[in-house]
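Participant: Once you've had a glance at the structure underneath, I'll fire off some questions.
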Amino acid sequence: MTDTSETKADATGSETPHRYTAELANQIEDAWQERWEREGTFHSANPAGPWAEPDDPRLARGHMMVMDMFPYPSGAGLHVGHPLGFIATDVFSRYQRTTGRNVLHTMGFDAFGLPAEQYAVQTGQHPRTTTEANMVTYRRQLRALGMGHERRRSIETIDPDYYRWTQWIFLQIYNSWYDEHAVRADGQLGAARPISELVEQYAAGDRATPSGQPWAQLTPAEREGVLAEHRLAYVSSAPVNWCPGLGTVLSNEEVTNEGKSERGDFPVFKRNLSQWKMRITAYADRLIDDLDRLDWPEKIKIQQRNWIGRSQGANVSFPVVGHDEQIMVFTTRPDTIFGATFMVLAPEHPLLERIVPESHHADVAAYQRSASTKSDLERQADTKAKTGVFTGAHAINPATGEAIQVWVADYVLMGYGTGAIMAVPGQDERDWAFATAYDLPIIRTVQPSEGHPEDEAFTGEGPAINSANEEISLDGLPVAEAKAAIIDWLADRGLGEGTITYRLRDWLFSRQRYWGEPFPIVWDEQGVAHALPDDQLPLTLPDVPDYSPRTFDPEDAESMPEAPLARATEWVEVELDLGDGPKRYRRDTNTMPNWAGSCWYHLRYMDPENKEAPVDPAVEAYWIGPREETVAGAPEGSRDPGGVDLYIGGAEHAVLHLLYARFWHKALHDLGYVSSEEPFRRLINQGMIEAYVYRDHRGQPVPAEEVEETIGETGDPTYSWQGQPVTKEHGKMGKSLKNVVTPDEMRAQYGSDTFRVYEMSMGPLEQYRPWETRAVVGSQRFLQRLWRNVVDEETGEVTVSEDPLDEATARFLARTADGVRTDFEALRVNTAVAKMIEFNNHLTKLDRVPRAAIEPLVQMVAPVAPHIGEELWSRLGHPESLAYEPFPEADPALLVEETVTCVVQVKGKVRDRLEVSPDIGEDELRELALGSERIRELIGDAELRTVIVRAPKLVNIVPA
RNA sequence: GCCCCCGUAGCCCAACCGGCAGAGGCAGCCCACUUAAAAUGGGCCCAGUGCGGGUUCGAAUCCCGUCGGGGGCACCA
């Protein structure tokens, strides 16, 4: 019982000092938040590790790990849109606790990264200062919302105790390679293995070095060069996304279709730079295939599949006429090879140097030059108009034996496939466009379907035509069979082979920014990288006077990245003993992208104090190890991959965080650090809360809360601000749109419980919906009625009766308990709230509210409105928190209705209703319906065509 | 251009496997309480499911087309 609630309300002098007002709600909320924290109410139990509590009874009753995508703590604090998912996971977690399960639900902060740094630069403070201040605000706001987070498990990615392990995982990945032949636990091939195993293979001569020289004869630098080709984290010099406006390079995932940076919308240029990459491509197949075993929104799965972009096809070699060279092409349509009438190379293709005859040098060089100055944006701007030039070279189509022209054109991209194509205008729209533009021959090799236009490529299904030589004929074969046949033929002659390519590229992992995890890598004087030994972790970020990045004119493609850490000379230049005596080294001055910290935080939540490992293996296996049952829709006979039970967050991370985290998790799995194959077993994307935006005649947003609504004579509302008319539209919630509403305001105006109930009853979790402050009062009224059903508003007395429930109330309660439980399980909190309101309204109409009815209702409400739930529970005489009180069970006997209303239809229209027993037989019901007076009047003597009986709810009579 | 999701009352949303279109909330109107207003409580009003076809005894639900909104992919061979 909270004493505070008694006293202060009196001060208002009102006649209802014990009414559930915002003030009273706030007092109750403060008191319970305080008590939950003091008592560690939400602490969960670990089976092993530093927090081992093997005797906790919950360990035997099932486990449940629930997570939110943790926030980046921005300077603006939370607005009402942010907590939607957080409240949903809190409701779910609180419900799960009442079922006896051991529930892990906590919250951390994704506090490294560009936005934090930009905010710090803007405000002239150190990023750590601003970030920490922001986290204080977030923590206060989350606490005020009544989140049942386990505070002691909270992590911050910027905490050296945390990023020590981020660096450690980086080193595990760095010190690994992908062994295509390694056998995984499920019998499949391919797994990350320690790089030492590869070194052994080279040293023993089981694997040839690229140069053919024995391993022992290679210099350390040469060896390192060989290993870099295999390491899962490696440095390579290659074209990367350079963003002068941000002063850093970016991963492909961080660049938009338009060739701009995802953050800031600055132009991005391709520059050849030496950068860290992660070999995520080694996992391309598993990242695609394992999606089938996850309970994720189909939308996200599709995005990941598209992004990885696996396509099956063949590599085919075309000999160059007059040269001892082959042009290797990748095609998904080897069946159309008889229609390959010319070839196209990307402007950057290395073979051009060697095969272009003197006569065409100038043309080709000029074309290459013009292509190189085009940005990606320009290259994509007009995809219809194809440009290109003839190289003067010819190649032999291996199927037809004919010499065909080799062209260079920028519609072929160096970065995909082999950078060269066989052009098949008859079956490819792009090739058709090019062939018509430059008057190149077209041969159809698939019979177009009836009515297909004469002047277009045919990309559909059909029998092969014009596809035969002396050895093989594809004619008449459907596409799939023709593919298989031609691949066999090509393979037999060593001309080609079936293959798979991917759109996914390796993950560019270094950034030239200050506010991130430093790489635990030093470089020696020969330019060889060395991993820092474990005992030198964490490598902390040095304090530098100038942490701001060197940024450039966003359009300055020629600029070069400069890492801020390079300026910290004393930090960079070090003398270390890495086993062969003290030597001088230079530290790597890059920092990791902000995605690094979020790749593994789910693991740290489980075991945040562990000093020996990122997570104790027994703890990981307990919380997220593979389950007995696979998720719904998983392929027959597949193994469960394990992972967090429920993960809720926005859909915008589909190919960023969610892809990266899966990759790291799989690497850690291969290396034996985790038993689960996937980090997040079930994922839900919460919708966004939008807000109305009001604009004046100039289109400028005006403060939404000052807008007045008037209902006009037509009944349509009109809006005005300071007397002038404004327009209303849907939009995001944001400062610049002047429509931000914060949870702090809602708490002051209504209380946090009301706010939580409102957010949850706005609609399904996944849905986008507009915020409407004036509707919040409905949720407050519900809680007020609930309160009044227990507490007298004038005296503060508890008014419940000890009488048994009447029949109707007992049935209503059973129905409600059953429905609310089902809704909570399925995360349909909106309909659960509706059911509770209904039942509460029923109780309101009774003379006195029976304890046996209100107590279960209080328990049901508590996951959504936990403070009022606890408070009423306590006032009803229970000294213990209700957090672990078993959820009300519905008596099955009461769920069976005594009578049900049976609808009698004639030709599908409802004509009569009958009250019948729920277990009435079909025949009996048919007779009853046909005997009904109203029905007899309607159908008279007409013959009956059929009578459909769906006992006990429906009879449909169809006269002839 | 291709693919996916969503259109139910003035508004936010329910309706499980095709079976009475309405659970809940907001707004509006009426009533009670009040000197009055607010707050509170009680009651009432409100759509035939974007549109056009089809399947079915029966369609918000399934199918086809179309319009509107949102999202994804897009010179990826």
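Participant: If you take the residues of the stretch A:793-820 that are open to solvent by 50 Å² or more (accessible area, probe 1.4 Å) and over 18 Å from A:ALA852 (Cα atoms), which of them is nearest to RNA strand B (Cβ to nearest atom)?
Facilitator: A:GLU794
Participant: Next question. Given the residues A:ASP506, A:ASP556, which is the only one that is touching a residue at least 60 places away in the same chain (Cβ under 8 Å) and either under 18 Å from A:ASP588 (Cα atoms) or under 33 Å from the mean Cα position of the chain (by Cα) (or both)? Steps first, please.
Facilitator: Values: A:ASP556 fails: either under 18 Å from A:ASP588 (Cα atoms) or under 33 Å from the mean Cα position of the chain (by Cα) (or both).
Selected residue: A:ASP506, the only one of A:ASP506, A:ASP556 that is touching a residue at least 60 places away in the same chain (Cβ under 8 Å) and either under 18 Å from A:ASP588 (Cα atoms) or under 33 Å from the mean Cα position of the chain (by Cα) (or both).
Participant: Report yes if A:ILE421 is β-branched (Val, Ile, Thr) and assigned to a strand (DSSP E or B), otherwise no. Steps first, answer last, please.
Facilitator: Values: β-branched (Val, Ile, Thr): yes; assigned to a strand (DSSP E or B): yes.
Here the answer is yes, as A:ILE421 does meet what is asked.
Participant: Also, I was wondering about something else. Which of the following residues is more than 10 Å from RNA strand B (Cβ to nearest atom), of a type in the set (Asp, Glu) and within 30 Å of A:ARG627 (Cβ to Cβ): A:ASP289, A:ASP335, A:ASP324? Explain how you work it out, then say what you get.
Facilitator: Values: A:ASP335 fails: within 30 Å of A:ARG627 (Cβ to Cβ); A:ASP324 fails: within 30 Å of A:ARG627 (Cβ to Cβ).
On inspection, the qualifying residue turns out to be A:ASP289.
Participant: Provide a single number: the residues in the stretch A:296-321 that are farther than 30 Å from A:LEU477 by Cα and within 16 Å of RNA strand B (Cβ to nearest atom). If you could, list the steps in order and put the result at the bottom.
Facilitator: The initial filter retains those residues of the stretch A:296-321 that are farther than 30 Å from A:LEU477 by Cα, namely A:296-304, A:307-308, A:321.
Now drop any that are not within 16 Å of RNA strand B (Cβ to nearest atom), which leaves A:296-304, A:307-308.
So the count comes out to 11.
Participant: Same structure, new question: When you check A:ARG184 against the structure, is it open to solvent by 10 Å² or more (accessible area, probe 1.4 Å), within 30 Å of the chain's Cα centre (by Cα) and more than 19 Å from A:THR281 (Cβ to Cβ), yes or no?
Facilitator: Details: open to solvent by 10 Å² or more (accessible area, probe 1.4 Å): yes; within 30 Å of the chain's Cα centre (by Cα): yes; more than 19 Å from A:THR281 (Cβ to Cβ): no.
Criteria not met by A:ARG184.
Participant: In addition: Go through the stretch A:629-688 and give me each residue that's in a loop (DSSP other than H, G, I, E, B) and within 16 Å of RNA strand B (Cβ to nearest atom). It would help to see each step written out before you state the result.
Facilitator: So in the stretch A:629-688, the residues in a loop (DSSP other than H, G, I, E, B) come out as A:629-643, A:645, A:650, A:654-656, A:671-679, A:681, A:686-688.
Of everything in the stretch A:629-688, those that are in a loop (DSSP other than H, G, I, E, B) and within 16 Å of RNA strand B (Cβ to nearest atom) turn out to be A:ALA632, A:GLY633, A:GLY650, A:ALA654, A:VAL655, A:LEU656, A:GLN686, A:GLY687, A:MET688.
Participant: Quickly run through the stretch A:898-914 and pick out the residues that are more than 10 Å from RNA strand B (Cβ to nearest atom) and within 23 Å of A:THR809 (Cα to Cα).
Facilitator: A:GLU898, A:THR899
Participant: Right, something else. Contact list please: Cβ distance under 6 Å, first residue in the stretch A:155-181 and closer than 22 Å to A:ASP543 by Cβ, second residue part of a strand (DSSP E or B), pairs at least six apart or on different chains.
Facilitator: A:GLU156/A:PHE109
Participant: Considering only residues of the stretch A:32-58 that are assigned to a helix (DSSP H, G or I) and either open to solvent by less than 20 Å² (accessible area, probe 1.4 Å) or free of Cβ contacts under 8 Å to residues at least 60 places away in the same chain (or both), which is farthest from A:ARG788 (Cα to Cα)? Write out each step before concluding.
Facilitator: Residues of the stretch A:32-58 that are assigned to a helix (DSSP H, G or I), as a first pass: A:32-39, A:57-58.
Narrowing further to those that are either open to solvent by less than 20 Å² (accessible area, probe 1.4 Å) or free of Cβ contacts under 8 Å to residues at least 60 places away in the same chain (or both): A:32-34, A:36, A:38, A:57-58.
Details: A:TRP32: 20, A:GLN33: 23, A:GLU34: 25, A:TRP36: 25, A:ARG38: 29, A:PRO57: 37, A:ARG58: 35 Å.
My answer is A:PRO57.
Participant: Quick one: which strands (runs of 3 or more DSSP E) sit completely within the stretch A:233-323 and have at least 1 residues that are in contact with a strand residue (DSSP E or B) (Cβ under 7 Å, 6 or more places away or on another chain) and open to solvent by 20 Å² or more (accessible area, probe 1.4 Å)? Give the derivation first.
Facilitator: Working: elements: A:233-243, A:248-250, A:269-278, A:311-319.
Answer list for the stretch A:233-323: A:233-243, A:269-278, A:311-319.
Participant: Residue check: is A:THR2 at pLDDT 95 or above, within 23 Å of A:ARG143 (Cα to Cα) and open to solvent by 10 Å² or more (accessible area, probe 1.4 Å)? Before you say what the answer is, go through the steps one by one.
Facilitator: Numbers: at pLDDT 95 or above: no; within 23 Å of A:ARG143 (Cα to Cα): yes; open to solvent by 10 Å² or more (accessible area, probe 1.4 Å): yes.
Judged against the criteria, A:THR2 is not a match.
Participant: From the list A:LEU539, A:LEU474, A:LEU565, which residue is over 30 Å from A:GLY415 (Cα atoms) and not assigned by TED's automatic domain parsing to the domain that holds A:ARG271? If you could, list the steps in order and put the result at the bottom.
Facilitator: Values: A:LEU539 fails: not assigned by TED's automatic domain parsing to the domain that holds A:ARG271; A:LEU565 fails: not assigned by TED's automatic domain parsing to the domain that holds A:ARG271.
After applying the criteria, what remains is A:LEU474.
Participant: May I ask you to verify whether A:ALA203 is surrounded by 12 or more Cβ atoms within 10 Å (Cβ to Cβ), aliphatic (A, V, I, L, M) and either more than 39 Å from the chain's Cα centre (by Cα) or over 22 Å from A:GLN172 (Cβ atoms) (or both)?
Facilitator: Yes: the conditions hold for A:ALA203.
Participant: Here's another thing I want to ask about it. Select from the stretch A:545-561 the residues that are surrounded by 13 or more Cβ atoms within 10 Å (Cβ to Cβ) and within 21 Å of A:ARG128 (Cα to Cα) and list them in ascending order.
Facilitator: Of everything in the stretch A:545-561, those that are surrounded by 13 or more Cβ atoms within 10 Å (Cβ to Cβ) and within 21 Å of A:ARG128 (Cα to Cα) turn out to be A:TYR547, A:SER548, A:PRO549, A:ARG550, A:THR551.
Participant: Related question: Looking only at the stretch A:842-857, which residues are away from RNA strand B (no atom under 11 Å from the Cβ), charged (D, E, K, R) and surrounded by fewer than 20 Cβ atoms within 10 Å (Cβ to Cβ)?
Facilitator: Hits for the stretch A:842-857 are A:ASP847, A:ARG848, A:ARG851.
Participant: For the subset of the stretch A:346-356 comprising residues that are closer than 20 Å to A:GLY417 by Cα and either in contact with a helix residue (DSSP H, G or I) (Cβ under 6 Å, 6 or more places away or on another chain) or without any contact (Cβ under 8 Å) to a residue 24 or more places away in the chain (or both), which member is surrounded by the fewest Cβ atoms within 10 Å (Cβ to Cβ)?
Facilitator: Here the answer is A:GLU353.
Participant: To continue, here is another question. Only one residue in A:SER359, A:SER372 is within 39 Å of the chain's Cα centre (by Cα), of a type in the set (Ser, Thr, Tyr), over 24 Å from A:ARG493 (Cα atoms) and open to solvent by 80 Å² or more (accessible area, probe 1.4 Å), so which one is that?
Facilitator: Values: A:SER359 fails: within 39 Å of the chain's Cα centre (by Cα).
Answer to the check: A:SER372.
Participant: Can you go through A:ALA468, A:ALA420, A:ALA435, A:ALA464 and tell me which one is more than 28 Å from A:ARG310 (Cβ to Cβ), at pLDDT 90 or above and open to solvent by less than 30 Å² (accessible area, probe 1.4 Å)?
Facilitator: Numbers: A:ALA468 fails: open to solvent by less than 30 Å² (accessible area, probe 1.4 Å); A:ALA420 fails: more than 28 Å from A:ARG310 (Cβ to Cβ); A:ALA464 fails: more than 28 Å from A:ARG310 (Cβ to Cβ).
Only one candidate passes the filter, namely A:ALA435.
Participant: Does any residue in the stretch A:271-293 that is closer than 21 Å to A:GLY642 by Cα come within less than 7 Å, Cβ to Cβ, of a residue that is of a type in the set (Gly, Ala, Ser) and open to solvent by 10 Å² or more (accessible area, probe 1.4 Å) six or more places away or on a different chain, and which pairs are these?
Facilitator: Close Cβ pairs satisfying both conditions: A:ASP292/A:ALA634; A:ARG293/A:ALA634; A:ARG293/A:SER638.
Participant: Which ones in the stretch A:594-643 are open to solvent by less than 40 Å² (accessible area, probe 1.4 Å), within 20 Å of A:TRP296 (Cα to Cα) and β-branched (Val, Ile, Thr)?
Facilitator: Of everything in the stretch A:594-643, those that are open to solvent by less than 40 Å² (accessible area, probe 1.4 Å), within 20 Å of A:TRP296 (Cα to Cα) and β-branched (Val, Ile, Thr) turn out to be A:ILE624, A:VAL631.
Participant: Do you know which of the residues in the stretch A:375-386 that are open to solvent by less than 60 Å² (accessible area, probe 1.4 Å) and modelled with pLDDT under 75 is farthest from RNA strand B (Cβ to nearest atom)?
Facilitator: Initial filter on the stretch A:375-386 (open to solvent by less than 60 Å² (accessible area, probe 1.4 Å)): A:375, A:379, A:386.
Those left that are additionally modelled with pLDDT under 75: A:375, A:379.
Working: A:SER375: 12, A:ARG379: 5 Å.
It comes out as A:SER375.
Participant: Please go through the stretch A:778-790 and pick out each residue that is near RNA strand B (Cβ under 6 Å from one of its atoms) and open to solvent by 40 Å² or more (accessible area, probe 1.4 Å).
Facilitator: Selection gives A:ARG781, A:ARG785.
Participant: In addition: For the stretch A:188-199, what are the residues that are over 14 Å from A:GLU224 (Cα atoms) and open to solvent by 50 Å² or more (accessible area, probe 1.4 Å)?
Facilitator: From the stretch A:188-199, those over 14 Å from A:GLU224 (Cα atoms) are A:188-194, A:197; that's our starting set.
Those that are over 14 Å from A:GLU224 (Cα atoms) and open to solvent by 50 Å² or more (accessible area, probe 1.4 Å): A:GLN188, A:LEU189, A:ARG193, A:GLU197.
Participant: (1) of a type outside the set (Val, Ile, Thr); (2) within 16 Å of RNA strand B (Cβ to nearest atom); (3) assigned to a loop (DSSP other than H, G, I, E, B); (4) open to solvent by less than 10 Å² (accessible area, probe 1.4 Å): which one isn't true of A:HIS18, the others all being true?
Facilitator: (4)
Participant: Sticking with this one: Have a look at A:ALA433, A:ALA437 and point out the one that is part of a helix (DSSP H, G or I) and near RNA strand B (Cβ under 10 Å from one of its atoms).
Facilitator: Details: A:ALA437 fails: near RNA strand B (Cβ under 10 Å from one of its atoms).
Of A:ALA433, A:ALA437, the one residue that is part of a helix (DSSP H, G or I) and near RNA strand B (Cβ under 10 Å from one of its atoms) is A:ALA433.
Participant: Something else: Which condition breaks for A:GLU253 when tested against (1) within 13 Å of RNA strand B (Cβ to nearest atom); (2) over 18 Å from A:VAL240 (Cβ atoms); (3) in contact (Cβ under 8 Å) with a residue 12 or more places away in the chain; (4) within 18 Å of the chain's Cα centre (by Cα)?
Facilitator: The number of the failed condition is (2).
The values are calculated or read from the model by the stated rules, or taken from the named source; none is laboratory data. As the structure is a prediction and not an experimental result, all values here were calculated from the model. FYI the Cβ positions are ideal-geometry reconstructions off the backbone, even for glycines, and counts take in every protein chain you see. We work out accessible area using only protein heavy atoms, side chains counted, and drop any ligands, DNA or RNA first. Shrake-Rupley method; radii C 1.70, N 1.55, O 1.52, S 1.80 Å.
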